[in-house]
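The values are calculated or read from the model by the stated rules, or taken from the named source; none is laboratory data. Model, not experiment: these values are computed from the prediction. Positions of Cβ are backbone-derived with ideal geometry, glycine not excepted, and every protein chain shown enters the neighbour counts. Calculation scope for accessible area: heavy atoms of the full protein, side chains included, ligands and nucleic acids excluded. Shrake-Rupley method; radii C 1.70, N 1.55, O 1.52, S 1.80 Å.
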Amino acid sequence: MGAVLSPLQYLRRAVWLRPMSGRQSNISKFFTLGPEQARKKRTPAAPANSENEDGSRVIKKEENDEKTSGNDGIAVNGEKRTADELESLKEEHGEATNSMETKRSKVDGLSLASSSSSSSNLASEGETTPSEIPPPIAEPPLESTRKQQTKKAHATFADMVSTFTKIEKTTKRLEIIDIMGTYFFKMLRDYPNDLLISVYLSINKLGPDYSGIELGIGESIIMKAVAESTGQTLQQIKQAFHKVGDLGLVAQTSRQNQPTMFQPAALTLPFLFDSLKSIAQMSGNQSQNRKIGLIKRLLSSCQGAEPKYLIRALEGKLRLQLAEKTILVSLANACAQYHADKKQVKLSQQDRIHAEQTLRDVYSQLPSYDIIVPRLIEHGIENLRETCKLTPGVPTKPMLAKPTKQFSEVLDTFDQATFTCEYKYDGERAQVHFTEDGKFYVFSRNSEDMSVRYPDIMASVPRWRKPEATSFILDCEATAWDKEENRILPFQKLATRKRKDVKLEEIKVRACLFAFDILYLNGKSLLDIPFSERRKHLYTMFQPITGEFDFAKHSDQRSVESIQEFLEEAVKESCEGLMVKMLEGPESHYEPSKRSRHWLKIKKDYLSGVGDSLDLIVVGAYHGRGKRTSVYGAFLLGCYDPDTETVQTVCKLGTGFSEEQLEQFHRQLSQIVIPKKKDFYSHSEAPPHQPDVWFEPKYLWEVLTADLSLSPVYKAAIGYVQEDKGISLRFPRFVRVREDKNWEDATTSEQVSEFYRSQIVHTQASARASSPNAEEY
Ligand SMILES: Nc1ncnc2c1ncn2[C@@H]1O[C@H](COP(=O)(O)OP(=O)(O)OP(=O)(O)O)[C@@H](O)[C@H]1O
Ligand SMILES: [Mg+2]
Ligand SMILES: [Mg+2]
């Protein structure tokens, strides 16, 4: 196996893949919509040099060419900027990724300026009248002008924004997939070099999760930039924001009301992407001012609806209901269609489903568009499983478990199948990688690179790896370890370790690994072999070392009594409970990213409650009274619905805190108070239920509850159980802060509804069990 390329190297490769030629399809008959439906959706062509419905520009081609040709500079908000100035702007902010690309643009003319003509082509192409729709399989009208575009190599933000604007008008998932699929198809056909960037911008990410680069710029910085760039006072922007609740819209309106003498040059996707990356990575002295400066420059190149999405991207939330799975499906469709067209074959519904499944599977094993997109372009989706495989050095999405609160459920689920019980250690998930070229990594549950956090684990690998293991991926739990007593310490101890800049000699709380699975060994993926065999590999290739590495303790007995006993034993040894797993057959294969019924968790503490804890987003707080006057006395929490991208409130929480914790939370949360509820927070509008302050979504807390009930106030899982009622937690209690998850990894609305339903099933079962005619369990 070759060395793993860094994300930067992949990006470079992706950017330099040559555009492909080939026969192009009639995109009106796309994907989920038939030609008739697609035809109906089209609107008459917009007049030249006018604004589309969505505010994006339509520039008359000749005029635009005139503006750009023979002109060695472009106008940005009235200021004329030369290519060199723009180049130095990029350099000033330390971008490296596309520097070669920029140089090439300078030679070709000026990509920033020239791409506005391609934007007009794309924008007007989507807006033809029905009579202009070419017959199926006809060559698209773009062909004649395409030559010019191959010279002007970049897609524009304007194209992306007109796509986003279409998406914002619908809530139907199939339509969203169709719109995004059409967009990605055009990207593949016209700007393959920018496809990767367009995928990242659509999901509002700047790289794979393990790259650690994230957007999420604070409201105050953005408001300053909007005020300064649109000539308004900060006060005016704040007021507008208070009224509208969406900074993106405020920016768009402010920009539209601003008189500009010149058409700014179109923003290209690579330029935007590089700028966003620079903003995300700026730190230290003056970084706030530098961020504001760069945001202002971007804003000055924006028109129509572009400021809205630029600002939302900076905030870290596009609010388009573009969940990652939607992007995957759209991308799979686009690629399948593109390659079928090239080969001049018809794409069946079966082929589409197959393509979607392929991309989903591959992405959960190898969650890196940096690697996948270039290979999709080069080798097609039909070869993707071959060209993109599980790779040490790239964190795979971990398999997850379903909660259970009755032993009988375990026996029901596994029925006649062979299963095994393991201790459920209470620490943090750790995926340990060892690459062919001798590098170690530790990744978190969330694919973050934790190698710097665990120098003790990194140092211990050579001691417990046998020389026969030349590359591997292990699935483990890292727990805190008491060296004196030689035993596991409670989870809270592990949480006291620093998360950054950890020095080996300064570590007070040591981490011990408990390995429970092996996913890859010596150049081969082990995902598709039975767990019993994977476990054998695990036991042969590694050796336990007290306090550093051990195998998760297991028992393969299957009676309820023996499971019960094993659970008691686990709890005595500071574990949280048990994991019950399928041991043999295809159902015991490792399923990356799936919350699978083939893994059940039994937590001792929660057997009497709802079976599991919930991880909830802190969205608001109520001022304390009495002893708690100087801190927040209670908090408003919400779960997350990834399909609608909303945070839905689920309870008011006021118990389980120590005084120190309340003080600490007050300090932390005061920093992220926002003037108004985010418009993607869903909560009752009734005055008595309003919290005193609202927060940016940031912190995730683990919470226990006795049970759940239907509620008119809280909006969690609204519509799942009853059309107009949400679900709320009764007697919630704070357990801990979840530092290893992002707020978007909160318990989902669907999970909340499952907790609610399982509680009803459980109550009915108990009622049956206590009645004289109850069946035996
Ligand atoms: N033997 C084991 N097998 C699998 N996972 C284990 C084992 N021991 C401990 N774990 C941990 O248990 C976790 C699953 O249960 P847990 O309730 O802790 O999940 P979580 O991180 O809260 O996520 P979620 O609530 O989303 O499932 C795994 O992610 C892993 O970190
Ligand atoms: Mg856990
Ligand atoms: Mg949990």
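Which pairs turn up if I take residues in the stretch 248-276 that are of a type in the set (Val, Ile, Thr) and look for partners that are open to solvent by 10 Å² or more (accessible area, probe 1.4 Å) with beta carbon separation below 7 Å, at least 6 apart in sequence or on another chain?
From the stretch 248-276, the pairs are VAL250/ALA240; VAL250/VAL244; THR260/ASN77; THR260/GLY78; THR268/SER111; THR268/LEU112.
Just one of the numbered conditions (1) in the same structural domain as LEU474 (by the TED database); (2) buried (at least 21 other Cβ atoms within 10 Å of the Cβ); (3) farther than 23 Å from GLY611 by Cβ is not true of GLN416; which one?
(2)
If a residue must be farther than 19 Å from ARG445 by Cβ and in contact with a His (Cβ under 8 Å, 6 or more places away or on another chain), how many such residues does the stretch 469-508 contain?
Residues flagged as farther than 19 Å from ARG445 by Cβ and in contact with a His (Cβ under 8 Å, 6 or more places away or on another chain) within the stretch 469-508 amount to 0.
When the residues of the stretch 436-452 are narrowed to those that are free of Cβ contacts under 8 Å to residues at least 24 places away in the same chain and either outside the structural domain of TYR539 (by the TED database) or among the small types (Gly, Ala, Ser) (or both), which ends up farthest from ligand 2 (Cβ to nearest atom)?
The selected residue is GLY438.
Output the residues belonging to the stretch 659-701 that are open to solvent by 40 Å² or more (accessible area, probe 1.4 Å) and of a type in the set (Ser, Thr, Tyr).
Within the stretch 659-701, SER670, TYR699 meet the criteria.
Among all residue pairs at least 6 apart or on different chains, which show Cβ distances below 7 Å where the first residue, located in the stretch 738-755, is farther than 22 Å from LEU708 by Cα and the second is part of a helix (DSSP H, G or I)?
From the stretch 738-755, the pairs are GLU739/ALA495.
Suppose we keep only residues that are among the polar types (S, T, N, Q) and within 16 Å of ligand 1 (Cβ to nearest atom) within the stretch 355-400. Which one would you say is modelled with the lowest pLDDT?
If we take residues in the stretch 355-400 being among the polar types (S, T, N, Q) and within 16 Å of ligand 1 (Cβ to nearest atom), then SER364 is modelled with the lowest pLDDT.
Do you know which residues across the stretch 702-729 are free of Cβ contacts under 8 Å to residues at least 60 places away in the same chain and either assigned to a strand (DSSP E or B) or open to solvent by 50 Å² or more (accessible area, probe 1.4 Å) (or both)?
SER709, LEU710, SER711, PRO712, TYR720, VAL721, GLN722, GLU723, ASP724, LYS725
Mind listing just one residue for me: the one in the stretch 730-742 that is surrounded by 15 or more Cβ atoms within 10 Å (Cβ to Cβ) and not charged (D, E, K, R) and, of those, modelled with the lowest pLDDT?
ASN742
Which residue pairs have Cβ atoms closer than 8 Å, lie 6 or more positions apart in sequence or on different chains, and pair a first residue in the stretch 398-409 that is under 21 Å from HIS589 (Cβ atoms) and open to solvent by less than 30 Å² (accessible area, probe 1.4 Å) with a second residue that is assigned to a helix (DSSP H, G or I) and away from ligand 2 (no atom under 14 Å from the Cβ)?
So the pair list comes out as THR404/VAL410; THR404/THR413.
So if I check each of ARG736, ARG667, ARG730, which one is within 16 Å of ALA634 (Cα to Cα), within 16 Å of ligand 2 (Cβ to nearest atom) and not aliphatic (A, V, I, L, M)?
Unique residue meeting the criteria: ARG736.
Scan the stretch 453-472 and tell me whether some residue there is touching a residue at least 24 places away in the same chain (Cβ under 8 Å) and within 18 Å of ASP209 (Cβ to Cβ).
yes
Given the conditions (1) surrounded by fewer than 18 Cβ atoms within 10 Å (Cβ to Cβ); (2) within 30 Å of HIS666 (Cα to Cα); (3) more than 16 Å from ligand 2 (Cβ to nearest atom), report the number of the one that ALA634 does not fulfil.
With (1) surrounded by fewer than 18 Cβ atoms within 10 Å (Cβ to Cβ); (2) within 30 Å of HIS666 (Cα to Cα); (3) more than 16 Å from ligand 2 (Cβ to nearest atom) applied to ALA634, the lone miss is (1).
I need every pair where a residue in the stretch 416-435 that is more than 16 Å from ligand 3 (Cβ to nearest atom) has its Cβ under 7 Å from the Cβ of a residue that is among the polar types (S, T, N, Q) and open to solvent by 10 Å² or more (accessible area, probe 1.4 Å), sequence separation at least 6 or different chains.
Going by the 7 Å Cβ cut-off, the qualifying pairs are CYS421/SER555.
Which pairs turn up if I take residues in the stretch 277-289 that are among the hydrophobic types (A, V, I, L, M, F, W, C) and look for partners that are open to solvent by 90 Å² or more (accessible area, probe 1.4 Å) with beta carbon separation below 7 Å, at least 6 apart in sequence or on another chain?
Note: pairs meeting the criteria are ALA280/GLU214; MET282/ARG290.
Quick check: is even one residue across the stretch 283-297 under 21 Å from ILE197 (Cβ atoms) and open to solvent by 10 Å² or more (accessible area, probe 1.4 Å)?
yes
Out of the stretch 378-415, which residues are polar (S, T, N, Q) and within 16 Å of ligand 3 (Cβ to nearest atom)?
Of everything in the stretch 378-415, just one residue is polar (S, T, N, Q) and within 16 Å of ligand 3 (Cβ to nearest atom), namely THR404.
So which of CYS575, CYS639 ends up being under 30 Å from SER364 (Cα atoms) and in contact with a helix residue (DSSP H, G or I) (Cβ under 6 Å, 6 or more places away or on another chain)?
Details: CYS575 fails: in contact with a helix residue (DSSP H, G or I) (Cβ under 6 Å, 6 or more places away or on another chain).
Just one listed residue meets the conditions, CYS639.
Are any residues in the stretch 158-180 open to solvent by less than 20 Å² (accessible area, probe 1.4 Å) and farther than 23 Å from GLY304 by Cβ, and if so, which ones?
Across the stretch 158-180, the qualifying residue is only ILE177.
Residues that are more than 30 Å from ILE237 (Cβ to Cβ), part of a loop (DSSP other than H, G, I, E, B) and within 15 Å of ligand 3 (Cβ to nearest atom): does the stretch 642-657 have at least one?
no
Please go through the stretch 639-668 and give me each residue that is within 16 Å of ligand 1 (Cβ to nearest atom) and more than 17 Å from ARG733 (Cβ to Cβ), ordered by number. Let's see the steps before the verdict.
Restricting attention to the stretch 639-668, the residues satisfying the condition of being within 16 Å of ligand 1 (Cβ to nearest atom) are 639-642, 650.
Scanning the stretch 639-668 gives TYR640, ASP641, PRO642.
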